[in-house]
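S.K.: Following this message is one structure expressed as structure tokens.
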Amino acid sequence: MKFVIIGAGIIGSAVALEFASRGLGEVIVLEKEARLGEHASGRNSGVLHSGINQKPGSLKARMCVEGNRLARRFCLEHGVRMQECGTLVVARNEREEKALGLLLDLGVQAGVQGLRIIDRDELNSREPEVAGTRALLSPNGAVVDSNGFLEAVAAKARDLGAVFRLGAGVRQISGLRVITDREEFEAGHVINCAGLHADTIARMMGAGGRYRIIPFRGEYMALKKIRLNSMVYQVPDLRYPFLGVHLTRTVDGEVLAGPTAMLSFGRESYDKQVDLPETLRMTGSLNFWLLALSPEFLRLAVHNARISFSRKAFLQEVRTLWPGAAAEDLAPYRSGIRAQMVDTRGRLVDDMLVEFRQDSTHVLNAVSPGLTSSLAFARYLADRIAG
Ligand SMILES: Cc1cc2nc3c(=O)[nH]c(=O)nc-3n(C[C@H](O)[C@H](O)[C@H](O)COP(=O)(O)OP(=O)(O)OC[C@H]3O[C@@H](n4cnc5c(N)ncnc54)[C@H](O)[C@@H]3O)c2cc1C
């Protein structure tokens, strides 16, 4: 059987590795960019999440906990840079302290090991510059070189026989004939891992009709001067699939604040530019308007527009975690864009979503923690597709 995988982000590459290592058949990966990591897989926070914010029983919760274990082992075995620095979710008032209890329960139900709530003294000794009254400590949170991880997964897939074609954007699919600008491939089974364009690819094969990707840009600022030992999160609002601005270290020793969750007027508008044709298509869909008119979305949109366009508002947000931050401590950093699926009722799809068909499989919502989950998710897909 010939498996044609569309998209060589971390999901497509992990699927290629899994299929190649199981010897399931010929594996070809088609990637439109000239290099790996141009989109979400190379533009994220690099956090291997432990699974604390996930709803018990969801695919995301299962994939995240197992994916964390597999990714950490892969990084250690393949020399990918990783720091096992742990995660703190910090409460700043009584209401948030109560929410920590809920997060602890969710994490325990999801099977996250080693969770505990720490008091103000322990928080101060771990993170002297961070403000908070209590925190949930998750020792399994780690930070990884996400581009290095992606390159290593793809390299191992290649070693096992998978073929990666870069600069091979899929333009059309006719039956099982996958057509790029330069070549055509007759597939036995197509696996759509096209991230921000997964709905477009799905439609080429008559799949994914109920869904539409609405892109949300995540902008970061690099923070100067702060010394951070772990990753520091606000207590999330679990109504949204986004975690709120947090502080993370990179494997290069930088500290980042972000990402925002700003509606993007273009699937690849990393510099806030408006892509007019794409915006017209987005605003022409019912999914978009049903989302846009919901009070939850309006609250999210207004808050994120403030912190996206006002450096002062971004600083205020950072100060809720790091009170010592000053305007000159913030420097613009790159952004990433989430491929967030929205259904025909205008709801943000929270869980990972896959449409399995006879001759094709469509990964429709590989949102965060997709980097963490990738190796476990690839196993799940291989089990479902190849039995
Ligand atoms: C700002 C941000 C922060 C995040 N932080 C974290 C984190 O800390 N931890 C975590 O676990 N997860 C995180 N995530 C989520 C994680 O990055 C994603 O879940 C994951 O990268 C998704 O991988 P992917 O392969 O589906 O997508 P992508 O990396 O976008 O890959 C899809 C690929 O498909 C290619 N493609 C698209 N269309 C075509 C076509 N027509 N033909 C050929 N190729 C095509 C694209 O070029 C791209 O390379 C974050 C995401 C964002 C945006």
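S.K.: Counting pairs of alpha carbon atoms under 8 Å apart in space and at least six apart in sequence, what relative contact order in percent does the chain give?
M.R.: With pairs under 8 Å counted, the relative contact order is 25 percent.
S.K.: Restrict the search to segment 141-209; then list the trypsin sites (Lys or Arg not before Pro) that DSSP places in a loop and that have at most 11 other Cβ atoms within 10 Å of their Cβ.
M.R.: Sites meeting the loop and neighbour criteria: R182.
S.K.: Can you tell me the convex hull volume per residue for the chain, based on C-alpha atoms, in Å³ to the nearest whole number? Intermediate values should be presented prior to the final figure.
M.R.: On the way: hull volume 50.3 nm³, N = 387.
Looking at the chain, the number lands at 130 Å³ per residue.
S.K.: Of K272/K312; K60/K312; K55/K225; K55/K98; K32/K156; K2/K32, which ones are farther than 25 Å apart at the Cα?
M.R.: Numbers: K272/K312 18 Å; K60/K312 34 Å; K55/K225 36 Å; K55/K98 17 Å; K32/K156 20 Å; K2/K32 19 Å.
The answer is K60/K312; K55/K225.
S.K.: Give the dimensionless ratio obtained when the Cα radius of gyration of segment 72-223 is divided by 2.2 N^0.38 Å.
M.R.: Taking the Cα Rg and dividing by 2.2 N^0.38 Å, one obtains 1.50.
S.K.: Any chance you could check the Cα centroid distance between segment 350-365 and segment 74-114 for me, in angstrom?
M.R.: 28 Å
S.K.: Next question. Can you compute the radius of gyration and Dmax for segment 219-276, using only the Cα atoms, both in Å?
M.R.: 13.7, 43
S.K.: Taking the highest mean first, how do the peptides 317-328, 372-383 order by number of other beta carbon atoms within 10 angstrom per residue?
M.R.: 372-383, 317-328
S.K.: Return the tail of the calculated pair distribution for segment 334-384, meaning the percent of Cα-Cα pairs more than 14 Å apart.
M.R.: Tail of P(r) above 14 Å: 59 percent of Cα pairs.
S.K.: Order 209-218, 303-312, 249-258 from most to least packed using the mean count of other Cβ atoms within 10 Å.
M.R.: 209-218, 249-258, 303-312
S.K.: Then there is this: Determine the percent antiparallel among the DSSP beta bridges restricted to the chain, to the nearest 5.
M.R.: About 70 percent, rounded to the nearest 5.
S.K.: While we're on this one: Could you work out the local net charge near I213, counting Lys and Arg as +1, Asp and Glu as -1, over the other residues with Cβ closer than 10 Å to its Cβ?
M.R.: Values: positive: R212, R267, R338; negative: D199.
Taking every Cβ under 10 Å from that of I213, the sum is +2.
Coordinate-derived values only; no laboratory data. Note that this is a predicted model, so its numbers are computed, not measured. Methodologically, a virtual Cβ is constructed for each residue, glycine included, from the backbone with ideal geometry; neighbour enumeration extends over all protein chains shown.
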